[in-house]
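What follows draws every value from the coordinates through simple rules; no lab data is involved. Note that the coordinates shown come from a computational prediction; the quantities given were computed from them, not determined experimentally. Here the Cβ is made from the backbone with ideal geometry for all residues, glycine too, and neighbour counts use every protein chain on show.
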Amino acid sequence: MVKKLAGIGDNSAHVISRDKLRKYIDRLECLIEDRKDTQTCITAVYREAKDDGFNVKVLRKIIKLREMNAMERAEQDALLEVYRRVFDL
């Protein structure tokens, strides 16, 4: 079904397909639910790693570092070194 809705802030009309809109909403809701499930799994893995004696903060840092490419890591390391020198660390 196609429905015309008045535009916001102007006098134009936009044609919106109700079915198309519903499909987008359904897909987004499914993805959001998947994201919640995935987050629950991630939390469980971190909890398991912590129970095995691993430091979760360090694990998260390693994950972040692995997401970066070599150049990004090098830039971050260089900047961190500059900041450490400022504070004599």
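Things to note:
- Inter-label distance for Asp52 and Leu21, nm, one decimal - labels placed 7 Å from Cα along Cα-to-Cβ: 4.9
- FRET efficiency, Val86 to Arg60 (Cβ-Cβ, R0 25 Å, nearest 0.05): 0.50
- Net charge contributed by nearby residues that have their C-beta within less than 12 Å of Lys57 (K/R +1, D/E -1): +4
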